[in-house]
Each structure stands twice: as C-alpha cells, then as structure tokens.
C-alpha cells in the first residue's frame, strides 16, 4: 500500500469507528427510554453490547458500511416515540427558566414573613 491509500484507509476506518460509537451511544440511550426499570435496562444494554461485539472482527470496509447503514435503519425504526428529556436540558420542561428571579422573590417573601412575625409579637398587649 502506498502512503496515500494507507491514509485514505485510516481516514475511512476512523470515520466508521466514529459512526459506530455514535450509533451505539444513541441506541443505549434509547434503550433506557424503553426499559422502565433498571434491571430491565441492564439486560437490554447487555444484549445490545453483544450485538455490537459480535461484529467486531469484520475488517472489510464495504461490509462495515453496509452493517452501519443497517444498524442505523434499525435504530430509526425502533426509536422511542416519546423519549425522556431531562427537565433542565434543551427541550425539557424547565429549560431556560430564570431561577434568579424566583430566588429573589423567595428571599423577599422570607423577609416580609419575618417582619410580620416581629410586628405581630410586639403588637399584642403584654399581660
């Protein structure tokens, strides 16, 4: 192999490894959406890992590309329709809330409550 073909081979192989890594991470995160309990998730994650490990020995670049395309098609077919989104992440219910205003409001309420308690204690006639 010449230097150019070796570089092209290594670049293509690196791109494939990246696509495989991304596909595995997406599938693993989506498995967590389907599995309600952790013990179910651990079994499904183990099965998913076995599927990826079973094809680890394949060296032909064209075969690997076909397998990646088939894996991505399967992932898109079985992707969860309503995935869990962390509330403070983009797309979550608490994303871009301004908590500083809420914190300031809470401090004002606490100060007013303390003043009300002070004045109510001293406003009653002593017996």
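Here, each number is a calculation from the coordinates, and none is a lab measurement. Please read all numbers here as calculations on a predicted model, not as lab measurements.
When both region 1-61 and region 65-80 are represented by their alpha-carbon centers, they are found 11 Å apart. Residue separation of residue 22 and residue 48 scaled by 0.36 nm, minus their Cα-Cα distance, works out to 8.0 nm of gained length. A prolate overall shape is assigned to region 40-100, the ratio a/c of its alpha-carbon gyration tensor axes (a ≥ b ≥ c) being 1.5 or greater and a/b exceeding b/c. Extension gain for residue 57 to residue 111 (0.36 nm times residue separation, less C-alpha to C-alpha distance): 12.7 nm.
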